[in-house]
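Trainee: Below: one structure in structure tokens.
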There are 2 protein chains.
Amino acid sequence: MKTRRNRSRGTERARTPVNIAPPATGTPGGVYKPLKDADVQNIHAAALEVLSTVGIKEPTDTVRDLALEAGCIQDETGRLLFPTSLVEDVIAGAARDFVLHGQTPEHDIEVRDGHVHFATGGAAVKMLDSHTRQYRPSTLSDLYDLARLCETLPNIQWFARPVVATDIEDWRELDLNTIYAIARGTRKHLGSSIVLDSHVPEIIEMLDMMVGEEGAFRKRPFLSVHATTIVSPLTFAEDSSNVATAAARAGMPILSQTGPQAGATSPAALAGSLVQTVAESLGALVAINLVKRGHPVIASGWPFVADLRTGSFTGGNGEQALLAAGQAQMMRFYKLPTGVPAGMADAKVPDNQAGYEKALTTAMAAMSGPDFVYESIGMLGSLLGCSLEAALIDHEMLTSVRRVMRGIEVTPDNLSVDVIAEAARGAGHYLAAGQTLALMETEYIYPELADRDSPDSWKEKGSRDIWDRANLRVREIMATTFPDHISDSADAAVRARFPIHLPESAIDPATSHWAHDLDAAS
Amino acid sequence: MKTRRNRSRGTERARTPVNIAPPATGTPGGVYKPLKDADVQNIHAAALEVLSTVGIKEPTDTVRDLALEAGCIQDETGRLLFPTSLVEDVIAGAARDFVLHGQTPEHDIEVRDGHVHFATGGAAVKMLDSHTRQYRPSTLSDLYDLARLCETLPNIQWFARPVVATDIEDWRELDLNTIYAIARGTRKHLGSSIVLDSHVPEIIEMLDMMVGEEGAFRKRPFLSVHATTIVSPLTFAEDSSNVATAAARAGMPILSQTGPQAGATSPAALAGSLVQTVAESLGALVAINLVKRGHPVIASGWPFVADLRTGSFTGGNGEQALLAAGQAQMMRFYKLPTGVPAGMADAKVPDNQAGYEKALTTAMAAMSGPDFVYESIGMLGSLLGCSLEAALIDHEMLTSVRRVMRGIEVTPDNLSVDVIAEAARGAGHYLAAGQTLALMETEYIYPELADRDSPDSWKEKGSRDIWDRANLRVREIMATTFPDHISDSADAAVRARFPIHLPESAIDPATSHWAHDLDAAS
């Protein structure tokens, strides 16, 4: 019944050449700095001014009480104003250099200033179906499938829920099932929003049961909650703030998000949009730290862009690349763990538009050195859609982005003067040189999906574009990758205790609807 | 008969918003520096060592005689060794800050250190046909069509022949017809290789006739010759060297190229490949300057990459992005006008692979601040193929790349503290703010081909990917853009004097084979 299930075990590390597998510490970034040093100072000063004079409205009772105690004041309209000294104090004491856990230790990742990890993210409501190539509402099964796909993708080190399980209506069941499906699909660090703070204890109980040990989650918290504690402009969100408070108390790391759209919910001036994003990021950080000083927080301002002709969100543009990189630079200035979004194509299918939108925004964001690049694979349609094929293609692009980030190594040896002299005076080429053989697996990346054939060879092989090729590979992965880190007894216990909607047939390779695809593809 | 011909006149400037149209001085680059300062010095020193100890073999008689007179020596095998003092002297006296002319003055472009222009380039032998979407041999008509397309594309400021007219066998006729077709198709600065030095006088005679004035070309030389005077590793190419010598004497600017492939014709170590590329670039520069000191030269080393599994050229990878950016940084160190290649996708069609390969390599190359990014639009199949649709799509990507290059403007006003205070305390959004209305056309780019519709709207409009949309626009442009800067009498005189193969029917909107497409598309 489960003959294929074990195939996935650790395969991605074994199959990945040493030069491709990212270290647990991430890939160093920070080469690209869109802001001059003086501009960083100016944005910093303006953000502090906004926090101390405009402040943030509608704090929860908990945050308000803690804030007033810590020196904040409320103005006549009830806005919470943050004195600069408090903000600076929280920044100084914020958590840095911590570990985010996987379900198994080999998936632990280190958060260190300027070392970049790639993550998923999003809340798409549509899935570009692998079989019909049409959009349909996204489901819980899609979440499980996306998690399984990411289990095989070495560049992704944090699997945050990319789509919403639109087939589940009840909020409690949505939270439980979302987190069950992704925890079942991958052992990597997980991320998800949580609708209400009252769901947090049950979620932790479920995760403990999946591991098979009470208290396991608190020892190695392998799920971060994505909490948009501030909605733009400068307004506390009650439910998310309460979720963040509950998470901080339960030892659950927090991806603290704010998502202003330049021109719509933040200034149209990119600089001004950064000022607000920084102010909101710091305000959210203060609020969480007031609940629990030094709690692990990824202080993620996500400065988005609105198309000012329509007011709609647009993600695949140069302005977005600049804002993400600028925000990363600001958070690096504070040495605060941070993440920014990139790869959010406006294209509806994985076409040429998707490729350039994703590469431009992802490369610029990653080069600026945030700790995490979110949304980095799979997203289409301005975050409304998601695709397994797009995820696979984007993941290969990340390999190239990471190669660029690694840079050019210059040593006395690889300056190669002797190698040049020998080739120029001798063979007239370097194909058989010792250096070439020694470096071919470390200096170069060889893609799996990207085609390097000549036009004639490519035609002989069927004239497939990369979407076609990705589709074949997706079907293969989906039919063979069924992570088995959750024991059958633990799974049964979870299903007995909680209303799990993901059918057992979906997690069994013999009965998965993908099973027949493998035969079709081969 | 020619009713549609005038439609193209200056349309691209008129239709292009002020924030998109590139200035004649180019877009400032140089934000991205892949090499540390010390590495730049190390590569510089190694390149000078290679030039003085390994040197370049098989100089032409002209170059050899001038070089020996200038202090070079020949070693026992006949290799020409370049003393460092000579190289440094030539670098110091090389042409900088010059103008490259268009056929009409509004297309003149300024070459200034670190200001980036985008250009075409290449010598593809296959065209991805707009009607069949299959590859076929490229023709003279394709060259004319590509030139006409670029006439409408504001980001392209130098039109270098992207494809070879494979339908012309005779070398003299190939040179004359190539340059006729591109000069007929666009008023922008032109580039082409020339097979033999004996063709140079006739080409200039033809160009004078096209302008309608003897000596016109020497006054405003609007064609640069692309001369690969050195083939890698470190060997003078006789024919191209002679062409460069003839061009220098005739006042024709020279794009001096060298194209080593890392791992095949230059070291597999990226650093070593840069050492050789710099050495070859400087060697070629010295040879041309020995013929004519201070002649306008774009000292373009194009460090390419070989796939070391097959030995084949590959253009769309992270290593290529690093090499191009590194070479640009080296030439900026010398403050020498330079160009690097980017956008050379290995993909065979304008698919997702093409998009990410092009965006990654082009963004990194452009951000490093070369004077020119060549091959920047249209190229597919590792430079073997070209496509009008790809060119149009890539061109729109360049608009985003240029937006990123422009960066984030930080001023007291656009820090927006007051704007934030007003929106946060008032409307709760910025859609109607005065700043938003004031900045929406300058801070943001609105694409024409890239789709920002929702998945539902996009489906209602026909579910077209960007290749489909580009195809429609290409047909429209091809049916309506017939630049008329060459007078009928000049054209007749050229046709009487030279064996021009481009049929008159092709340059007449009424008889062009594209004419029926406009009706089909509308």
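Trainee: Full extension from B:ALA515 to B:LEU196: what is 0.36 nm times the residue separation minus their Cα-Cα distance, to one decimal in nm?
Mentor: Extra length from B:ALA515 to B:LEU196 when fully extended: 111.2 nm.
Trainee: Which order do B:HIS513, B:HIS115 fall in if you start with the one that has the fewest other Cβ atoms within 10 Å?
Mentor: B:HIS513, B:HIS115
Trainee: Counting only residues 5 or more places away or on other chains, whose amide H sits under 5 Å from the amide H of A:MET127 once H atoms are built in the peptide plane?
Mentor: Correct list: A:ARG136, A:SER138, A:CYS386.
Trainee: Applying 1/(1 + (r/R0)^6) with R0 = 35 Å to the Cβ-Cβ distance of B:ILE91 and A:PHE333, what FRET efficiency is obtained, to the nearest 0.05?
Mentor: The pair B:ILE91/A:PHE333 has a calculated efficiency of 0.35.
Trainee: If you take the beta carbon distance between B:LEU437 and B:ARG172 as r and set R0 to 35 Å, what does 1/(1 + (r/R0)^6) give as a FRET efficiency, to the nearest 0.05?
Mentor: Approximately 0.05, to the nearest 0.05.
Trainee: How charged is the neighbourhood of B:GLY315? Take every other residue with its Cβ under 12 Å from the Cβ of B:GLY315, and add Lys/Arg as +1 and Asp/Glu as -1.
Mentor: -3
Trainee: While we're on this one: Using only alpha carbon pairs under 8 Å that are at least six residues apart, calculate the relative contact order of segment B:165-312 and give it in whole percent.
Mentor: RCO, segment B:165-312: 20 percent.
Trainee: Roughly how crowded by other chains is peptide A:338-351, in terms of the mean Cβ count from those chains within 10 Å of each of its Cβ atoms?
Mentor: Partner-chain Cβ atoms within 10 Å, mean over residues of A:338-351: 4.
Trainee: Under 15 Å from the Cβ of A:ARG136, count the other residues' Cβ atoms, weight Lys and Arg +1, Asp and Glu -1, and hand me the total.
Mentor: -2
Trainee: How large is ³J(HN,Hα), in whole Hz, for each residue of segment B:40-49 in order, when computed from phi with the Karplus curve 6.51 cos²θ - 1.76 cosθ + 1.60 and θ = phi - 60°, using x for Gly and Pro?
Mentor: For segment B:40-49, the Karplus-derived couplings read 4, 4, 5, 5, 4, 4, 5, 5, 5, 5 Hz, x marking Gly and Pro.
Trainee: When ranked by the protection proxy of mean other Cβ atoms within 10 Å per residue, highest first, what sequence do the peptides A:266-277, A:200-211, A:87-98 form?
Mentor: Order by mean packing, descending: A:266-277, A:200-211, A:87-98.
Trainee: In whole Hz, with x marking every Gly and Pro, tabulate ³J(HN,Hα) for segment A:202-215 from phi via Karplus 6.51 cos²θ - 1.76 cosθ + 1.60, θ = phi - 60°.
Mentor: Ordered by residue, 3J(HN,Hα) equals 5, 4, 5, 4, 5, 5, 4, 5, 5, 6, x, 8, 5, x Hz.
Trainee: What's the long-distance tail for segment A:310-458, i.e. % of Cα pairs beyond 25 Å?
Mentor: Tail of P(r) above 25 Å: 46 percent of Cα pairs.
Trainee: Within 11 Å, Cβ to Cβ, of A:ALA506, how many net charges do the neighbouring residues add up to if Lys/Arg are +1 and Asp/Glu are -1?
Mentor: Once all neighbours under 11 Å are counted, the net charge is -2.
Trainee: Another question, if that's okay. In what order do B:HIS44, B:HIS189 fall by count of nearby beta-carbon atoms within 10 Å, going from fewest to most?
Mentor: B:HIS44, B:HIS189
Trainee: Continuing with the same structure: Return the long-range amide H neighbours of A:ILE298 (sequence gap of 5 or more, or a different chain), with a cut-off of under 5 Å between placed amide H atoms.
Mentor: Amide H neighbours of A:ILE298, under 5 Å, 5+ apart: A:ILE254, A:LEU255, A:SER256.
Trainee: Given C-alpha coordinates of the protein assembly as shown, what is the ratio Rg to Rh with the Kirkwood estimate of Rh?
Mentor: 0.99
Trainee: Long-range amide H contacts for A:VAL305: which residues qualify at under 5 Å (H placed 1.01 Å from N, peptide plane, sequence gap of 5 or more or a different chain)?
Mentor: Excluding prolines and chain starts, which carry no amide H, the hits are A:ALA262, A:THR314.
Trainee: Here's a follow-up. Considering Cα pairs under 8 angstrom that are at least six residues apart, work out the relative contact order of chain A and quote it in whole percent.
Mentor: 20
Trainee: Whole Å is fine, so just give me how far the alpha carbon centre of segment B:285-348 lies from that of segment A:330-399.
Mentor: 28
Trainee: Shifting gears a bit: Could you work out the relative contact order of segment B:93-404, using alpha carbon pairs under 8 angstrom and six or more residues apart, expressed as a whole percent?
Mentor: Result for segment B:93-404 is 20 percent.
Trainee: Once phi is turned into ³J(HN,Hα) by the Karplus curve 6.51 cos²θ - 1.76 cosθ + 1.60 with θ = phi - 60°, what whole-Hz value does each residue of segment A:142-154 show in order, with x for glycine and proline?
Mentor: Running phi through 6.51 cos²θ - 1.76 cosθ + 1.60 with θ = phi - 60° gives 4, 4, 4, 5, 5, 5, 4, 4, 5, 4, 9, 9, x Hz.
Trainee: Then there is this: Rounded, prolate or oblate for chain B? Axes are the square roots of the Cα gyration tensor eigenvalues, ordered a ≥ b ≥ c, and the cut-off for rounded is a/c under 1.5.
Mentor: oblate
Trainee: Take the alpha carbon atoms of segment B:88-154, find their center, do the same for segment A:182-230, and report the distance between the two centers in whole angstrom.
Mentor: When both Cα centres are located, 56 Å separates them.
Trainee: Take peptide A:435-444, look around each residue's Cβ out to 10 angstrom, count Cβ atoms belonging to other protein chains, and average those counts.
Mentor: Shielding by partners across A:435-444 averages 6.
Trainee: Please list B:331-342, A:315-326 highest first by mean number of surrounding beta-carbon atoms within 10 Å per residue.
Mentor: A:315-326, B:331-342
Trainee: Now for a separate question. Can you put B:PHE482, B:PHE372, A:PHE498 in order, fewest other beta carbons within 10 Å first?
Mentor: The fewest-first ordering by Cβ neighbours comes to A:PHE498, B:PHE482, B:PHE372.
Trainee: Roughly how crowded by other chains is peptide B:451-463, in terms of the mean Cβ count from those chains within 10 Å of each of its Cβ atoms?
Mentor: Per-residue shielding by partner chains comes out at 6.
Read-outs: derived from the displayed coordinates by stated rules, not from any lab. These numbers come from a predicted model, not from an experiment. A quick note on method: Cβ atoms are made from the backbone with ideal geometry, for glycine too, and the neighbour counts reach across all protein chains shown.
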